[in-house]
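Shown next, in structure tokens, is the structure this report addresses.
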Amino acid sequence: MELISAFVIATFTTPENVGVNPQSILWLLPLAGAIAVVYKATKVPKIKAVSFLKESLLLFGSIVVFMLVTALVLFALTWLITQ
Amino acid sequence: MAARSKDKHTVLLLTVGLLSWLVPGAGYYVLKEKKRAIIVFVTIVLTFCTGLYIGSIAVVNPQTSKLAYVAQIMNSPMVRFLGNSTVHGGYKVYGKPNEVGQIYTSISGLLNLLCIVNAVYLAHLRRTETAGD
């Protein structure tokens with residue numbers, strides 16, 4: 001039991017290794033999911049499992065697509081400037 | 001009579017707001033919105049804990065990152081204890097883990113602020129609707 005507690009405390013007192021690479025952008029996905037769920041929880045008048053999930057997924061998808069479009073535009077702009 | 005009712009209403013709004021800040025989703029629970037309360041609680045706590053897991057408790061630092069701390073404290077006043085532990089315990093984090101951890105913990109705080117405002121507004125609307133009936 002003490003070992004488990006020590007392990008749990010250790011995970012919150014030492015940072016994880018997050019590399020500076022393109023994969024680190026994937027950390028935005030859980031955050032976008034959380035934003036979509038909480039925002040929809042404040043917006044829908046009555047919470048029903050299926051419709052709530054559908055609406056949250058739609059918002060999550062919209063956020064991800066918008067981020068992708070923004071990334072592509074910025075990438076194109078950088079490419080044009082540096083060429 | 002009307003003044004007393006208004007006082008009661010103000011107390012209810014304050015209670016809902018304070019409870020929402022103390023425990024994410026508690027304001028909705030008081031308003032008998034249990035599903036909403038559970039969803040908000042689980043999501044906000046998970047997001048905050050993910051931030052702490054990535055960057056350690058050192059991401060909550062009232063001395064070196066004041067702006068992020070303002071957003072983080074919106075999760076719950078209990079975040080203050082984490083801030084004190086970081087300052088007195090000498091925990092440090094730099095670079096990408098710090099960035100990602102701070103973003104997660106700050107965003108969860110701001111999401112809770114949205115829920116606090118929404119819960120208070122919901123409590124206010126219910127009274128207005130009851131008065132209109």
> In µm²/s, what is D for chain B at 20 °C and 1.002 mPa s, where D = kT/(6 pi eta Rh) by Stokes-Einstein and Rh is the Kirkwood radius from Cα pairs?
Replying inline: 136
> Sequence-distant or interchain residues sharing an amide H contact under 5 Å with A:Glu16, placed H: which?
Replying inline: B:Gly55, B:Ser56
> For A:Ser51, B:Ser20, A:Ser56, what ranking results if the residue with the fewest other Cβ atoms within 10 Å of its Cβ goes first?
Replying inline: A:Ser51, A:Ser56, B:Ser20
>> Which residues does the label zone of B:Asn84 cover in segment B:33-66, counting backbone N under 14 Å from a point 7 Å along Cα→Cβ?
In response: B:62
> Count of lysine pairs in the protein assembly as shown with Cα atoms under 12 Å apart, counting only pairs 8 or more residues apart in sequence or on different chains?
Replying inline: 5
>> What are the ³J(HN,Hα) couplings of segment A:31-39, residue after residue, when phi is run through the Karplus curve with 6.51, -1.76, 1.60 and θ = phi - 60°? Round to Hz, x for glycine and proline.
In response: 5, 4, x, 4, 4, 4, 5, 5, 4
> Given segment B:86-125, what whole percent of its Cα pairs are spread farther than 16 Å?
Replying inline: 57
> What length, rounded to one decimal in nm, is gained on full extension from A:Ala10 through to A:Ile47, with 0.36 nm per residue of separation minus their alpha-carbon distance?
Replying inline: 9.6 nm
>> I need A:Val44, B:Val100 ordered by Cβ neighbour count within 10 Å, fewest first.
In response: A:Val44, B:Val100
> Residues of A:44-52, mean number of Cβ from any other protein chain within 10 Å of their own Cβ, rounded to a whole number?
Replying inline: 2
> Listing B:Arg127, B:Arg36, B:Arg4 from the residue with the fewest other Cβ atoms within 10 Å to the one with the most, what is the order?
Replying inline: B:Arg4, B:Arg127, B:Arg36
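Each reported figure results from applying straightforward, stated rules to the coordinates on display, with no laboratory input. All figures in this text were calculated on a predicted structure; none of them were measured in a lab. FYI the Cβ positions are ideal-geometry reconstructions off the backbone, even for glycines, and counts take in every protein chain you see.
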